[in-house]
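Data first, discussion second: the structure below is written as structure tokens.
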Amino acid sequence: MDPAEIKHFIEAALLAAGRPLNVEQLQRLFDGRTAPEKSEVRQAITTLNEEYEGRGILISEVASGFRVQVRSGMADQLQKLWEERPPRYSRAMFETLALVAYRQPITRGEIEEIRGVSVSSNIVRTLLEREWVRIVGHRDVPGRPEMFGTTKFFLDYFGLKKLDDLPPLADLSDWESLRVQLNLPEVEDEAGSAAPESTDLPVLYPEIPAEEAEDSSDDSEAAAAETSVAPEDDIPELTPINSDSDEVEDDLVVSEWPDPAEIGS
């Protein structure tokens, strides 16, 4: 089969697939009789990469095979093509992922022991849903805890061919270096970070110096006097009620109770 035809067919297949394809998968796309050898497939990919030199795309080999991807220098400018914002993850999640990648197989308890804090169930669930980690077995200890390891999808997502391609990491304090080398998104700080503890406890009844106490008592007495005594100008005048009748009724004075017998007669 003509090398130019092989090259053009592989290029079209990688663009149409939208996912990595390995050499065997590319071979199966050809007709049985005209399928090229593995060496011819790899040579066609090498030729395509040479032609892509100086352009905005390249063919990259990851764990699952070969894929056409945008060069990293143009990724930021092309973010406008995607309406949805890329998901943001916490530093705790990426630290957990880094421990799984560098110390696998590893249990949740071992991760917590290294980080010094508990691992949230949401972090483990997110990593499993993203297919970045998987359960590879159970530790032969009481309770048989699950052991976690990375997946091929993890390698594909971060543009790695194998775990040996991971950048060296001395410890978790070298996190920022790892983030830059793997081109990870900026992470969010932990929500609700603990505020520094205050050693000053509130006092319900603080002691007041004698001089301040006297001044405050004088002020309070003066304030009380001001509020208790109303100014004369503010006292309303009483208005007499005028009677409609001219006659003034005499006051009824009862000196003794009347005798009921006399009232009846």
(request) Just give me the residues in region 116-144 being surrounded by 12 or more Cβ atoms within 10 Å (Cβ to Cβ), among the basic types (Lys, Arg) and within 19 Å of the chain's Cα centre (by Cα), in sequence order. (result) Arg130
(request) Give the residues of region 38-56 that are in contact with a helix residue (DSSP H, G or I) (Cβ under 9 Å, 6 or more places away or on another chain) and either touching a residue at least 12 places away in the same chain (Cβ under 8 Å) or within 13 Å of Ile10 (Cα to Cα) (or both), sorted by residue number. (result) Lys38, Glu40, Val41, Arg42, Gln43, Ala44, Ile45, Thr47, Leu48, Gly56
(request) Would you mention how many residues in region 98-107 are in contact (Cβ under 8 Å) with a residue 24 or more places away in the chain and either out of contact with any strand residue (DSSP E or B) (no Cβ under 7 Å at 6 or more places or on another chain) or over 22 Å from Leu166 (Cα atoms) (or both)? (result) 2
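Can you confirm whether Ser39 is within 25 Å of Lys152 (Cα to Cα) and surrounded by 10 or more Cβ atoms within 10 Å (Cβ to Cβ)? Don't jump to the end; show me each part of the working.
Values: within 25 Å of Lys152 (Cα to Cα): yes; surrounded by 10 or more Cβ atoms within 10 Å (Cβ to Cβ): no.
In short, no.
Do the conditions hold for Arg85, that is, is it closer than 26 Å to Gly18 by Cα and either under 17 Å from the mean Cα position of the chain (by Cα) or modelled with pLDDT of 85 or more (or both)?
On the way: closer than 26 Å to Gly18 by Cα: yes; either under 17 Å from the mean Cα position of the chain (by Cα) or modelled with pLDDT of 85 or more (or both): yes.
Answer is yes for this residue.
So which of Ala17, Ala12, Ala98, Ala35 is within 30 Å of Met147 (Cα to Cα) and among the aliphatic types (A, V, I, L, M)?
Working: Ala17 fails: within 30 Å of Met147 (Cα to Cα); Ala12 fails: within 30 Å of Met147 (Cα to Cα); Ala35 fails: within 30 Å of Met147 (Cα to Cα).
Going through Ala17, Ala12, Ala98, Ala35 in turn, the sole match is Ala98.
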(message) If Leu78 meets every condition in (1) under 25 Å from Lys152 (Cα atoms); (2) touching a strand residue (DSSP E or B) at 6+ places or on another chain (Cβ under 9 Å); (3) of a type in the set (A, V, I, L, M, F, W, C); (4) in a helix (DSSP H, G or I) apart from one, which number is that one?
(response) (1)
(request) Return a yes/no flag: does region 50-65 have any residue that is surrounded by 10 or more Cβ atoms within 10 Å (Cβ to Cβ) and in a helix (DSSP H, G or I). (result) yes
(request) Give me a count of the residues in region 8-36 that are under 45 Å from the mean Cα position of the chain (by Cα) and basic (Lys, Arg). (result) 2
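Looking at the structure I just gave you, is Arg139 closer than 22 Å to Leu166 by Cα, in contact (Cβ under 8 Å) with a residue 24 or more places away in the chain and not aliphatic (A, V, I, L, M)?
Working: closer than 22 Å to Leu166 by Cα: no; in contact (Cβ under 8 Å) with a residue 24 or more places away in the chain: yes; not aliphatic (A, V, I, L, M): yes.
The answer is no for Arg139.
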(request) Give just the number: which of (1) touching a Phe, Trp or Tyr at 6+ places or on another chain (Cβ under 7 Å); (2) in a loop (DSSP other than H, G, I, E, B); (3) more than 22 Å from Gly65 (Cα to Cα) does Glu131 not satisfy? (result) (3)
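The values are calculated or read from the model by the stated rules, or taken from the named source; none is laboratory data. All values derive from a computational prediction rather than experimental measurement. With ideal geometry, Cβ positions are generated from the backbone for all residues, glycine too; neighbour counts draw on all protein chains shown.
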